[in-house]
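J.: My structure is below; once you've seen it, I'll send some questions.
The values are calculated or read from the model by the stated rules, or taken from the named source; none is laboratory data. In this text the structure is predicted, and so the values were computed from the model without any measurement. Because the Cβ atoms are built from the backbone with ideal geometry, glycine has one as well, and the counts that use them run over all protein chains shown.
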Amino acid sequence: MSSATLPSRPVPRPGVLAIEAYVPGKASAGPGTRVFKLSANENPLGASPKALEAYRSLDALELYPDGSSLKLREAIGAAYGLDPARIVCGTGSDELLMLTALAFAGPGDEVLYSQYGFLVYRIATLAAGATPVVAPETDHHSDVDALLAAVTDRTRVVFLANPNNPTGTYLPFDEIKRLQRGLPPNVLLALDAAYAEYVRRNDYESGIELVATTQNVLMLRTFSKIHGLAALRVGWAYGSAEVIDALNRIRGAFNVSAPGIAAAIAAIQDTGHTEAAVAHNEQWLPWLTHELTALGLTVTPSVTNFLLVHFPDAPGKTAKEADAFLMQRGLILRRVDSYGLPGALRLTIGTEEANRLLVAALAEFLGKTGERAGTGHGA
Ligand SMILES: Cc1ncc(COP(=O)(O)O)c(C=O)c1O
């Protein structure tokens, strides 16, 4: 075979070098500083003590885990009334998002998501060799009309986080149904409900009902957020038998670790811990929204465990400067420039201590100390 036209070294597939690798939230703030990590939407209450116990009780590390995560799928099925055969577990929902793109889209296909959609959608699309298509949002909310208008004959997957990260906004069930009905039947609607448990709105539905009543919807969930198991990397997805079969064919043979399986089973059964996490969020989400708004910042209304906060353009008051100021005090937030939101920061609802310190530090940053800091108002 002639080598004249071949590259002289291994070259990644088209699209791979267009990927900007995902940058996780920062976790440290310099030597000697006590850190409040509000950059990755982790659970301020930590994992359930029962999940920790299950994790620690595992000592046969020489054994492979059950590759099909059967007991975990049964526990999830029991918790939500779902058929375990239509559930697939993954190394976090990140893996399942990647597998979804890989299984259903490839070169020449389009994958659609909205303007401020979770960054992994673009990474997964490009990794699959497909073309990303972005639909504009309206006021930091996904826009069903814009998404439907962007569908073409080449669209294969629509990724939609509901609620979305980093905006914290959601679409009501009626809108999700309208989106599903407007899609051609061959397009897979991947509903990423990573933050579903936090939403307390009567018009919200995570995707379970839509999966049950249609053929082209996949719902993705995670144990990283409300269950506090981010370190263990466990996610799951629920879909039609055919969609789940496709994901099972291409997933890693042992894609969930034994400690991950054990801890996730205990976590999903500990409804008391989940309720405590929801109650904590219900208390501090409105408090932080109120306090930050009172400081003159614009807060995108959130239904979940984080807030997108918009800063002024004025020198000395910008998001970048606020981030550096807070970092010096050990308060680590998330820059969202990579989402096209350089004027905003995303912050996770933290412990009471972290939330109060954050408001006080921002009051200081904005020069409003006398007016509001330490009001202790509300929660
Ligand atoms: C919207 C959304 N989906 C999925 C994930 C991935 O979660 P994990 O891979 O930890 O399950 C995240 C994590 O931040 C997220 O914000």
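J.: Of these, D245, D192, D203, which one is crowded, with 23+ Cβ neighbours inside 10 Å, in the same structural domain as R178 (by the TED database) and charged (D, E, K, R)? I'd like the intermediate steps shown before the answer.
T.: Working: D245 fails: crowded, with 23+ Cβ neighbours inside 10 Å; D203 fails: crowded, with 23+ Cβ neighbours inside 10 Å.
None of the other options fit; the residue is D192.
J.: Within the stretch 72-84, identify whether any single residue is within 16 Å of the ligand (Cβ to nearest atom), free of Cβ contacts under 8 Å to residues at least 60 places away in the same chain and not in a helix (DSSP H, G or I), and answer yes or no.
T.: Among the residues of the stretch 72-84, not one is within 16 Å of the ligand (Cβ to nearest atom), free of Cβ contacts under 8 Å to residues at least 60 places away in the same chain and not in a helix (DSSP H, G or I), which makes the answer no.
J.: Within the stretch 171-198, take every residue that is under 20 Å from the mean Cα position of the chain (by Cα) and either at pLDDT below 95 or assigned to a loop (DSSP other than H, G, I, E, B) (or both) and give me the one that is farthest from the ligand (Cβ to nearest atom).
T.: Only one residue fits best here, namely P172.
J.: Related question: Looking at the stretch 225-249 only, could you name the residues that are touching a strand residue (DSSP E or B) at 6+ places or on another chain (Cβ under 7 Å) and either within 16 Å of the ligand (Cβ to nearest atom) or assigned to a loop (DSSP other than H, G, I, E, B) (or both)? Spell out the reasoning first.
T.: First, the residues of the stretch 225-249 that are touching a strand residue (DSSP E or B) at 6+ places or on another chain (Cβ under 7 Å): 234-239, 243-244, 247-248.
Within the stretch 225-249, V234, G235, W236, A237, Y238, G239, L247 meet the criteria.
J.: Taking the conditions exactly as written (charged (D, E, K, R) and assigned by the TED database to the domain that holds N305), does R34 satisfy them or not? So that I can check it myself, show each step before the final result.
T.: On the way: charged (D, E, K, R): yes; assigned by the TED database to the domain that holds N305: yes.
Criteria met by R34.
J.: Mind listing whichever residues of the stretch 309-322 are surrounded by fewer than 21 Cβ atoms within 10 Å (Cβ to Cβ) and assigned to a helix (DSSP H, G or I)?
T.: Just the residues of the stretch 309-322 that are surrounded by fewer than 21 Cβ atoms within 10 Å (Cβ to Cβ), to begin with: 310, 312-318, 320-321.
Those that are surrounded by fewer than 21 Cβ atoms within 10 Å (Cβ to Cβ) and assigned to a helix (DSSP H, G or I): K320, E321.
J.: Further question on the same structure: Tell me, please, whether a residue that is among the hydroxyl-bearing types (S, T, Y), assigned by the TED database to the domain that holds N216 and part of a helix (DSSP H, G or I) can be found in the stretch 97-106. Spell out how you get there, then give the answer.
T.: Step one: list which residues in the stretch 97-106 are among the hydroxyl-bearing types (S, T, Y), which gives 100.
From what is left, the residues that are assigned by the TED database to the domain that holds N216 are 100.
Checking which are part of a helix (DSSP H, G or I) leaves us with 100.
Yes, that holds for at least one residue.
J.: Further question: Can you name the number of the only condition in (1) in a loop (DSSP other than H, G, I, E, B); (2) modelled with pLDDT of 95 or more; (3) not hydrophobic (A, V, I, L, M, F, W, C) that G378 fails?
T.: With (1) in a loop (DSSP other than H, G, I, E, B); (2) modelled with pLDDT of 95 or more; (3) not hydrophobic (A, V, I, L, M, F, W, C) applied to G378, the lone miss is (2).
J.: Follow-up. Go through R201, R221 for me and flag whichever is more than 13 Å from the chain's Cα centre (by Cα) and either within 18 Å of S93 (Cα to Cα) or modelled with pLDDT of 95 or more (or both).
T.: On the way: R221 fails: more than 13 Å from the chain's Cα centre (by Cα).
Residue meeting the stated conditions: R201.
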